[in-house]
Structures are given as C-alpha cells and as structure tokens.
1. With the condition being of a type in the set (S, T, N, Q), I'd like the helices (runs of 4 or more DSSP H) fully within segment 115-178 carrying at least 2 qualifying residues.
2. Would you confirm whether or not segment 444-454 contains a residue that is part of a helix (DSSP H, G or I), in contact with a strand residue (DSSP E or B) (Cβ under 8 Å, 6 or more places away or on another chain) and among the acidic types (Asp, Glu)?
3. Residues to consider are Asp387, Asp415; find the one that is more than 30 Å from Tyr305 (Cα to Cα), more than 16 Å from ligand 1 (Cβ to nearest atom) and part of a helix (DSSP H, G or I).
4. Which numbered condition in (1) surrounded by 12 or more Cβ atoms within 10 Å (Cβ to Cβ); (2) out of contact with any Gly (no Cβ under 9 Å at 6 or more places or on another chain); (3) in a loop (DSSP other than H, G, I, E, B) is the only one that Lys44 fails?
5. Any residue in segment 347-368 that is within 16 Å of ligand 1 (Cβ to nearest atom) and either assigned by TED's automatic domain parsing to the domain that holds Leu424 or more than 21 Å from Phe96 (Cβ to Cβ) (or both)?
6. In segment 321-331, what residues are more than 10 Å from ligand 2 (Cβ to nearest atom) and within 11 Å of Trp346 (Cβ to Cβ)?
Amino acid sequence: MDSKNIQKNAMHKSAEFTFTPPPEAPVFEPTPEEFADPLAYIAKIRPVAELTGICKIKPPSRWQPPFSLDVDKLKFVPRIQKVNELEAITRLKLLFLEKILKFWELQGSPLKIPMIENKTLDLYCLKFWVDEEGGFENCNSPKKWRKIANAMGYSQNASTMNFLRNNYEKILLPYEIFEQSKADILKTVKKTEPKSEIKSEIKTESKEESDGQITMISIDSISKVEFEEKPHTSIKKAKTGSDLKLDLDAVKNNMDVEQLRRNRELRRLACYGPGPKMPGLNDEEFDITKSRKRPRYDLDPLAIYTCAICQKDNRDDLLLICNGCSDTYHTFCLKPPLNAIPDGEWRCPCCIAEEVHKPAEAFGFAQAEREYTLQQFGEMADKFKSDYFGMSGHQVLTSVAEKEFWRIISSVEEDVTVEYGADLHSMDHGSGFPTKSSLNLYPGDQEYVDSGWNLNNLPVLEGSVLRFINADISGMTVPWMYVGMCFSAFCWHNEDHWSYSINYLHWGEAKTWYG
Ligand SMILES: [Zn+2]
Ligand SMILES: [Zn+2]
C-alpha cells in the first residue's frame, strides 16, 4: 500500500473505530540441544523469521532464569506517555487542529469545535475528503457532499451534508483563503520600510518610558523587536506612551500564545457550541456599512494610521490595531474580510502567519515528577488498570486491552496518559538476569549467569560482531530494562545500525509486540 492509500484508509477508519489484529508471528520451540547455542539457533530460524520481521522463541520449559534484581534498591523515574500522541495520523490531526485553533483564537474568535453524531467534527478528515474532491469550490453538488459524508462514516442525509458544508465554509475556508493570500499580504505589507529617524526617535522615547515600567523585558528590547524584526509598521506618527503599553501587552500575549503552543494536550480544545462568526463569507453580500461597532482598541486621536494593505487612512472606524505588532488594517482589506470588529484580541495576518507556522515542538516524552520503586510502580499500574476497565486488572483479556489501546491511539479526544520506565540502564539498575557480580546467588543460578541467552552475554558471544567493540554501549552491548504498564508503548523503529533486537519478558502481564 502506498502512503496515499494508507492515509485514505486511516481517514476512513477515523469515523468508526475497528481493529483487526495482525496475524500472529511464528513461535519457535527449540529443543534443549538446539537451545544450547543461541547464535546457531538464530541462524537456523532466520529464513523463516525474516519473512515476518518478528518471532517468538519459547525456551525449553526447564530454562527458568531467576529474577535477579535488588527490588528494594531499584528506583526509577518513568517517562510520561499521552497515548494518542504516539500515532502519526492522530498526531497530524492534533497539529492541524492546533493551527486552526490558533488561527481563530488570534483573530479574537476562539473556536468551538462542532459536534456531529455525538462526536466532535474531525476537521482534518473533512479537509482531507474535500481536497480529494478537488477543494471546496469544486464541491458544488449534493452528490459530492454525500460522497464526503459517506467517506467520513456519517449518515448521508441533507442535514449532515449541510452541516459539513457549512462548517467547512465557516471554519476551514477562511483559513484556506488566509493561507493562499498570506504571501501577497506579506509582500504588500513589507513594502513599507520604517524611516530611520523614526527609529531613533522611538528609541529615545523608549528609554524615558522604561524607567516607569515594571517588567521583565525592557522597553528597549521591545522596540528592537518591533523595528528590526518587523520592519513593516505603517503608522506614520511615532508611538506614544500608551502605544508602548500596548506593546507590553503584546509581549505578554505572545507569551500566552507560547504557552498555548507548548500545551500539547490542547486543553483549550472546546468541544461544544457553535463555531465562530462567519467572517465575510455568508450568503449576504459583505457590506461594510453594516458594521457600526467601534474598534475595541481605541486609536490615538493625534496619530494618523494607515491600513497596512491599502495604505489609506480613511474609514478609521474600521481600522483594527494588531495586538501583536500594532500595525493597522481595514476590516475590509483583510482576506477574507471581517464583517464585524472582533470582540476579543485581534492579530494581523503577519502575526498570525508567524504564530501558525512556528515549527511544531519536537516530539519527546516528559519525565514523570516522581521516582518509583518496582513495588510502587506495580501498585500504581494495577490501580490504573482496574480503575480503567472497572474490574480487576488480571481479568482483562489481552485482546480487550489491545483493542482499547488502538482505539485510544486513533482518537484526538482521548486524554489517557500512562507511565513507562523505558531504557533503564542495566549498569545502574541491573538487567534482571543474574551476572557474576550479582549478590546472593543460589547454587542453580550459575547456569543462568553463563547462559548465552542471558542478554548480558548474547551480544558478546563468539560469532557476534559486537564482541569487537571495546566499550559498554547501552542498548547494544549492554541490555536495557523496561518496566511497562497497561497501554505504555514503544514506537516501531529500526534498531541502531539495523541490528536485531531481542527481549526477554521476566515477569508480569503479557506484552504485545508488532513486527
Ligand atoms: Zn485598507
Ligand atoms: Zn501584527
């Protein structure tokens, strides 16, 4: 399946969750004789196992290595996993949603994602299928909207089709128009370079002002940002003290936006109520005379403000000041135009473009705030599982937990977070296998200290290339240890240098592997 088809498949699946477990990997049961030489045995099963990329080797029943770890001493800080951030399509959806939410919020119209058939409308999926039909302007027949409703798994009645069409027009189309016209607007606006005299004048003024301000950021540095990084300001008159205060607010607001960006859980995702006002795209013709409200941000009466797009200073009742950069814009010069003065704070297209296109935060896991012993982690994990499923954890069928995992992972709304003690260095913690430096070995343990299947020994057996590396490389020549719980996961990956990976489950509940 090529990547386009994989995506199409995922877009279909998002409407109604189904899960078909992949076929079982081959299971090998070596005889004690075969088991005696690990590398020879691996070479033997290789032609079969390579076809599936993963296999299970069941040691002979008498091979039972002791769990050799100082349970009282082992302490570790797990990583925190928000389960649905692990899956690529769900992550794409979350990032797309974050952009759309930011786009509307920055314009003073925070978005409420509408509900359909008891679920929030999947905007990413809607955009995907409208694009498949050639874009919104091509979706001009009920037939196309029926097809889209069908692809998204909704019923194909007139009200659903209208719902999809209206919300596309209301929420996604303005964003699309903005994206398309952004380059032109940025070009137009950037034409107006600031005059150097104004620059120095502002700086002097800023210094006077800075003494009176209590803030972490000096006025000087704000002016610098304002005039060196955003040279497109169009206000003719030098700024007044009140304008500078406005800039301070702007810096503060930028910080809020920054916080929003960092908030990977999208706490502001509001999932009820109607969407934002339709900005200039409703059926009525756009009419500027209908807008009677004054802009919320009163302009300095002594200053002359010009629109950054048309460069005119007329209709100042419809000029908006950007809360980010203080540039001014006519409501009707914006693309798409605004048919009303926004109630909340408003950002200009340049500021929105900058915010919306900030690169996404690098993916990674936060560390938990607390340290666990194995016992404490086990208690936490058991409680989580029994609370989650409403029954004792060991009664939950593996197939049920597996299906639930894939359901959570494909949902943008699920907020399930678990902890995972992953990549624990066995040099610090031990590997669970006995080694010659283990304390309190029982007489029968020596066999396991020396066993080739002991993961401390396997990488450096005769015949292994890793034997020639004269260093302890965690995860390569020295095993890592993992302490998992229900729904904790490690993403599919290539091993370092495309080497094989081998894992031994010491104890606990079943763990599911995919190849
Ligand atoms: Zn204008
Ligand atoms: Zn701006």
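The values are calculated or read from the model by the stated rules, or taken from the named source; none is laboratory data. Just so you know, these numbers come straight off a predicted model, no measurement behind them. Heads up, the Cβs are rebuilt from the backbone with ideal geometry, glycines too, and the neighbour counts pull from every protein chain shown.
1. Where helices (runs of 4 or more DSSP H) fall fully within segment 115-178 and carry at least 2 residues being of a type in the set (S, T, N, Q), they are 158-167.
2. Checking segment 444-454: at least one residue is part of a helix (DSSP H, G or I), in contact with a strand residue (DSSP E or B) (Cβ under 8 Å, 6 or more places away or on another chain) and among the acidic types (Asp, Glu).
3. The conditions single out Asp387.
4. Of the numbered conditions (1) surrounded by 12 or more Cβ atoms within 10 Å (Cβ to Cβ); (2) out of contact with any Gly (no Cβ under 9 Å at 6 or more places or on another chain); (3) in a loop (DSSP other than H, G, I, E, B), the odd one out for Lys44 is (3).
5. Checked segment 347-368: at least one residue is within 16 Å of ligand 1 (Cβ to nearest atom) and either assigned by TED's automatic domain parsing to the domain that holds Leu424 or more than 21 Å from Phe96 (Cβ to Cβ) (or both).
6. Passing the criteria: only Thr331.
Matching residues to (1) within 12 Å of the chain's Cα centre (by Cα); (2) under 21 Å from Gly515 (Cα atoms); (3) assigned by TED's automatic domain parsing to the domain that holds Asn454:
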{"site": "Asp37", "(1), (2), (3)": "no, no, no"}
{"site": "Ile42", "(1), (2), (3)": "no, yes, no"}
{"site": "Pro59", "(1), (2), (3)": "no, yes, no"}
{"site": "Asp70", "(1), (2), (3)": "no, no, yes"}
{"site": "Lys73", "(1), (2), (3)": "no, no, yes"}
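Let's see how each residue does on (1) modelled with pLDDT under 85; (2) assigned to a loop (DSSP other than H, G, I, E, B); (3) basic (Lys, Arg):
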site	(1), (2), (3)
Arg294	yes, yes, yes
Asp300	yes, yes, no
Tyr305	yes, yes, no
Lys312	no, yes, yes
Asp317	no, no, no
Asn323	no, yes, no
Asn339	yes, yes, no
Asp343	yes, yes, no
Trp346	no, yes, no
